[in-house]
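In what follows, a structure is listed as structure tokens, so that the remarks can point back to it.
The values are calculated or read from the model by the stated rules, or taken from the named source; none is laboratory data. What you are looking at is a predicted structure, and each value in this text was computed from that prediction instead of being measured. With ideal geometry, Cβ positions are generated from the backbone for all residues, glycine too; neighbour counts draw on all protein chains shown. Calculation scope for accessible area: heavy atoms of the full protein, side chains included, ligands and nucleic acids excluded. Shrake-Rupley method; radii C 1.70, N 1.55, O 1.52, S 1.80 Å.
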Amino acid sequence: MTAPSLQVQFDPSIARFGTARSQKRLEDDRLLVGKGLYSDDRVLPRQAWLVVLRSPHAHAEIRSIDLEDARKASGVIAAWTMADLRADGVKHIPYPPLFKRADGSPMASPLRTPLAEDKVYYVGHPVAAIVAETRQQAQDAADLVSPEYQDLPCVVDARKAIEPGAPQIWPAASGNVAAETRYGDAAATAAAFASAAHVVQIELHNHRLNSMALEPRCSIGLHEGGRTTLYTQNQTPTGARDLLGATLGGKTQDYRVINGDIGGGFGMKTGLTPEDALVCYAAKKLGRPVKWRGERSEEFLAAHMARDQHYRGELALDRDGMILALRVQSLGNIGAVPVGSSAIIPLAMVAKVQTSVYRVPVVDYHVRAVLTNTMATGAYRGAGRPEGNYLMERLMEKAARQTGIDRVELRRRNLLRPADLPYRTHVGEVYDTGDFARMLDKVLALADWKGFEGRKKRSEQNGKLRGRGVSVYLEWTGALPTETVDIEVGADGTVTVFSGTQAMGQGLETTYTQLVTEVLGFSPEKVVIVQGDTDRANGVGSVGSRSAFVGGSAVAAAGRKVIVESKKLAADALEAAPSDIEYRGGRFHIAGTDRSIALGELAARQPSRMVRVSATETPSTPSWPNGAQVCEVEIDPDTGAVEVMSLASCDDIGRIINHMIVEGQIHGGVAQGLGQALYEQVVYDEQSGQLLTGSLMDYAAPRADQMPRLRGEFDESIPSQTNLLGVKGCGELGTIGSVPAVVHAVLDALHERGVLHLEMPLTAEKVWRALRGA
């Protein structure tokens, strides 16, 4: 494979990040004392409430919906079905037309209208909207609605959905396949398998999860002055604004999206939801603000879910354990009514990291996005990268068992070397930098890999099984890699940064402030960060660990541009040549003299009483964070209970802007990965399509007391070459690595009892049954 050329954008002069790297989070002082403004904190004058009536059926024809009793109920202002919305020109919420079916026709699925039309396709599908003076009145009125349904057969499992005779969800999606993709060289892969000394096969399910953001979704629509404003909690506010125009009609400038603080997003709070569209429609129709807030039970039913991908993977190796080829067939369950990110995750995102950090000469991937009578799946921390890495690591672990080669040695033999980079993958992506073997060696030392046998003996003395697991992993960050940032310096010396990225708990206010202080030399209290208001700042938003990688680079570029463009103004003000002007500490100086002028003073001299610049940054390629983790577990053989005893990680995320924030991101990612590996699972009843895990009594989210002792290290010696700051993104890396590390540790502990494979989550009951069955 020809080595690709690489456009280097990293600027070491910017990426110094000195003492500010220990800066505590600036937003915490406000949030921890209850001064945050979350969506449900906002109350507007004359605010009405909207409640959504949802389908109790997984698949049914809507024969009729009688709203008369609801409309007559106390306090009710209006009640609508999709027919009412259609009469006012409301359309469906579009998704990106990126993929095709096998016959070349466009991706096919039911339209995502704000309310169901003619049919319902999953339990929780919005059917009618009721607006009343109070929330309780709207809920009471919803109980009076009398829909008549004709129940239809349903299917909730992607494997069963593609079987002959399965219930068909959408006429244009024959076999319930919405779209599919193929990558690689099938013939070359088949030849490699034919010559292989070892062939390893595995079938696994990367099961369905709930995003479980701490703050449920909440939206308020306001229509005044001929414009509609959506107050919400959205990671991609500019995209939500554009989708409002596409759905409700009108021009982009007719809409404004404003965020407050966001209590977790994880990819679920992106795009536009039916409830967002409904409150905006209602506000314009009724001429008053209208608010909707999801109950936790609604979030389980109707906020998009995650993962749910079935894999059959095959790995071909030679006699020395060197990989020859990889073949993958996968089914991505995207639900019945896809959201914007549903199809791209199984059809494109997984393939970006499928070979991970290993040299794989040839590949053959066949991926199908499958419709089922469930809520849509979509972006959730990692979005395809955890699934791809998990499959590859499970294959490597099984290959080590099957060939008799030590699991660490087998990985090390197949790792890409620094000399191999830049490296072009089979799907056209380019890895710019990395030393994957060093990450592995460092985490083995950190975890005291060689001392495991002593710890295992102590566990055995206590009647416990002990196992250890290792994972080596790769992340892809930088989705839609362009971002524009404006910086405005006011006459009072305040620096205001306008960015289209979006804070949702990851500390962007602190990170961006650090970058401004680094570049412009201002104190943090003089810096103001503006995000989440489409009248003031626009951009792609915060998804795919792109905020520092793309948005942070744009902040630094805008800061440099302030200096460059103000230098001429300073020269005029100081009556000196521009070549004699130097900038340091927030002031322009004439070299060799004591004459200077502050940037704020310079702004005050301008007709607008400010200096404002705009800068756009587009990293030349995505970044590739990577790392390795080691996990140790103890298992009580009498109960099957798994306790994670320790987890160590070593990560290469390029240059670090703020250590505390990065550590928090890794820890949070590990918690969500541990949750998937051991506890969390969305379950639908196969016969009725009813959601069986519709509350926190049924869905086991991980708790703080279940988290292990975490030991983490970072290697900053290999900055990314494709962005100004040399950063690589870190928000999803902990999740990607922890899932296989934890699973491998559990299976290692169970191996001596004859248990060779288990599907996640590895609950106490599942482990107990496996031990009894073995």
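Within the shell defined by Cβ-Cβ distances under 13 Å, the residues around ASP652 carry a net charge of -4, with Lys and Arg each +1 and Asp and Glu each -1. Considering only HIS667, LEU602, LEU696, the residue lying farthest towards the positive end of the dipole of region 596-725 is LEU602, judged by Cα position with unit charges set on Cβ.
Working note: Karplus 6.51/-1.76/1.60 with θ = phi - 60° gives region 502-515 the couplings 9, 6, 8, x, 8, x, 5, 4, 5, 4, 5, 4, 4, 5 Hz, where Gly and Pro are set to x. When peptides 155-163, 66-74 are ranked by their average number of other Cβ atoms within 10 Å per residue, the highest-first order is 155-163, 66-74. Compute the distance from the alpha-carbon center of region 342-401 to that of region 509-568, in whole Å. Between the Cα centre of region 342-401 and that of region 509-568, the gap is 34 Å.
Charged side chains reduced to their Cβ positions (Lys and Arg at +1, Asp and Glu at -1) give region 75-147 a dipole of some 420 debye around its Cα centre. For the peptides 211-221, 424-434, 604-614, the ranking by mean Cβ contacts within 10 Å, running from highest to lowest, is 211-221, 424-434, 604-614.
Over the chain, accessible surface divided per residue gives 37 Å², non-protein components excluded, 1.4 Å probe.
When Lys and Arg each count +1 and Asp and Glu each count -1, what net charge do the other residues less than 9 Å away from TRP624, Cβ to Cβ, add up to? Charge balance in the 9 Å sphere: -3.
Its Cα centre serving as origin, region 63-199 has a Cβ charge dipole (Lys and Arg +1, Asp and Glu -1) of approximately 500 debye. Sequentially through region 366-380, phi angles give Karplus couplings (6.51, -1.76, 1.60; θ = phi - 60°) of 10, 10, 10, 8, 10, 8, 9, 8, 9, 5, 4, 9, x, 4, 7 Hz, Gly and Pro residues having no value and appearing as x.
From largest to smallest, the equivalent ellipsoid semi-axes obtained for region 358-511 from the alpha-carbon gyration tensor read 38, 24, 20 Å. The magnitude of the dipole of region 207-308, with charges of +1 and -1 set on the Cβ of Lys/Arg and Asp/Glu and taken from the Cα centre, is near 220 debye. Taking the Cα atoms of the chain, the ratio Rg/Rh between the radius of gyration and the Kirkwood radius comes to 0.99. Please compute the net charge surrounding GLU203, taking Lys and Arg as +1 and Asp and Glu as -1 over other residues with Cβ under 13 Å from its Cβ. Combined, the nearby Lys, Arg, Asp and Glu give +3. The residue among GLY184, LEU214, GLY124 whose Cα reaches farthest toward the positive pole of the charge dipole of region 109-231, with charges on the beta-carbon of Lys, Arg, Asp and Glu, is GLY184. With all protein chains in place and a 1.4 Å probe, the accessible surface of the chain carries 50 percent carbon and sulfur. Projecting label points 7 angstrom from Cα along Cα→Cβ for ARG182 and LYS91 puts them 3.3 nm apart. Extension gain, ASP11 to THR134: 0.36 nm times the residue separation minus the Cα-Cα distance gives 38.7 nm. Would you list which lysines come within 24 Å of LYS35, measuring only between C-alpha atoms, while excluding same-chain residues fewer than 8 positions from it? In chain and number order, the partners are LYS24, LYS269, LYS291, LYS526.
For region 47-54, putting each phi into the Karplus relation 6.51 cos²θ - 1.76 cosθ + 1.60 with θ = phi - 60° gives couplings of 5, 9, 10, 10, 10, 9, 8, 10 Hz, in residue order, rounded to whole numbers and with x for Gly and Pro. Give me the base-10 log of I(q)/I(0) for region 620-746 at each q in 0.14, 0.15, 0.21 Å⁻¹, Debye formula, one uniform scatterer per Cα, rounded to two decimals. Values, matching the q order: -0.69, -0.76, -1.13. From most to least packed by mean Cβ count within 10 Å, the peptides 552-560, 476-484, 143-151 give 552-560, 476-484, 143-151. In plain terms, the C-alpha convex hull of region 262-311 casts an average shadow of 4.9 nm² when viewed from every direction.
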